[in-house]
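I have placed the structure first, in the form of structure tokens, so that the comments after it can refer back to it.
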Amino acid sequence: MLNEQLEQIKKAALDSIAQVTDLDGLNEIRVRYLGKKGELTAVLKNLKDVAPEDRPRVGQLVNDAKAIIEGELARAKDEMAAKARELRMQAETIDVTLPAKRNALGHAHPNTVALEEVERIFTGMGYEVISGPEIEYDEYNFTKLNIPANHPAKDEQDTFYINKEIVLRTQTSPVQARVMEQGRLPIRMISPGRVFRSDEVDATHSPSFHQVEGLVIDKDITFADLKGTLAEFAKKLFGEDTRVKFRPHHFPFTEPSAEMDVTCFKCGGKGCRFCKGEGWIEILGCGMVHPHVLEMCGIDNEKYRGFAFGVGLERIALLKYEIDDMRLLYENDIRFLKQF
Ligand code: DAH
């Protein structure tokens, strides 16, 4: 009677073990048969109902069954662990014959490439590279550059004001005033940096872009020095065949002032789609430093003169790479940037 019951329990336990597929399942089986309230344990507890002379034999039977179930549980557990390990090894297999993954190397942004080129050209001519603050006093951004209080550039539509006296610089020209004020003459410097204007974003405008300012102050500096220097710059930047032309213009801090055009490097000046049929492309503003600016910055304008220029860096990058939309320079789309 008890024999049969034990056999049944053992068989049921072994069947369950054979079917179970995970450790939780195994645990449940252990609890169900061997736990404190388990089925096999219950049989042991009922040993007191067995005739005393039969007890050792029955006890032995229960212990045998228990040992067999325990053995099976352990074996199933080992099997599961082995299987899991095998699966993991398969998943982690490395095929050493596969080509290696390419590590994408970063590289300089087109703006940076253009800037480094401009810096190389001017440092090659003996210029220093100087930086100035992006957050600037109204006084340096405007007043010391001869830009009067009612000038349209001072309108809030063009300038980001932090307060009445402080602005986000709208140009790199204030660095001119800062350097002149230090009074170390002669001066031969360029100053690249970020500038800000409250413009809407479109293909040719952005609220933040970059300029490179240039300033030379010395005795006997003439407009011929300006022309020679900037013509040389244009040749180094766009190629030896590049010609330049100066158109009269107005800037408050230079007199006379001009804009410089270069022959279109695409068509050589004949006129094409790139230069809109003009043959010429405008690349910078320049002029002889206004005597009043020299004076305001503490330089003796009887003894010293100078010239200055301002280049839009994005413009150079766009021209160099024949990109027709400035937004591409800021969006940081990796597919675009990868090309340079
Ligand atoms: N600051 C001018 C601008 O933002 C550019 C410029 C023109 C700079 C003539 C100069 C200069 O130094 O001489 O439009």
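The values are calculated or read from the model by the stated rules, or taken from the named source; none is laboratory data. Source: prediction; values computed, not measured. Don't worry about glycine lacking a Cβ; one is built from the backbone with ideal geometry, like all the others, and counts go over all protein chains shown. In case anyone asks, the SASA skips ligands and DNA or RNA and just uses the protein heavy atoms, side chains included. Shrake-Rupley method; radii C 1.70, N 1.55, O 1.52, S 1.80 Å.
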*asked:* Students often check this: by mean Cβ neighbours within 10 Å, which of 46-57, 305-316 ranks highest, and how do the rest follow?
replied: 305-316, 46-57
*Could you tell me which of Val311, His292, Val96 has its Cα farthest along the dipole of the chain towards the positive end, charges placed at Cβ (Lys, Arg +1; Asp, Glu -1), taken about the Cα centre?*
Val96
*With the full set of protein chains in place, find how many percent of the accessible area of the stretch 110-337 is carbon and sulfur; take the probe as 1.4 Å.*
48 percent
_Accessible area per residue in Å² at 1.4 Å probe, computed on the stretch 110-337_ = 50 Å²
*Please state the charge dipole magnitude for the stretch 110-337, taken about the Cα centre, from unit charges on C-beta atoms (+1 on K and R, -1 on D and E), reported in debye and rounded to the nearest 20.*
620 debye
*Rounded to two decimals, what ratio of Rg to Rh does the chain give with C-alpha atoms and a Kirkwood Rh?*
1.57
*Enter the Cα centre distance for the pair the stretch 308-332 and the stretch 127-192, rounded to the nearest angstrom.*
22 Å
_Counting only other residues whose beta carbon sits under 15 Å from that of Lys303, what net charge do I get with K and R as +1, D and E as -1?_
-2
*Carbon and sulfur: what percent of the stretch 2-91's accessible surface (1.4 Å probe)?*
52 percent
*Among Val244, Leu44, Thr222, flag the residue with its Cα farthest along the positive direction of the charge dipole of the chain, charges on Cβ as +1 for Lys/Arg and -1 for Asp/Glu.*
Leu44
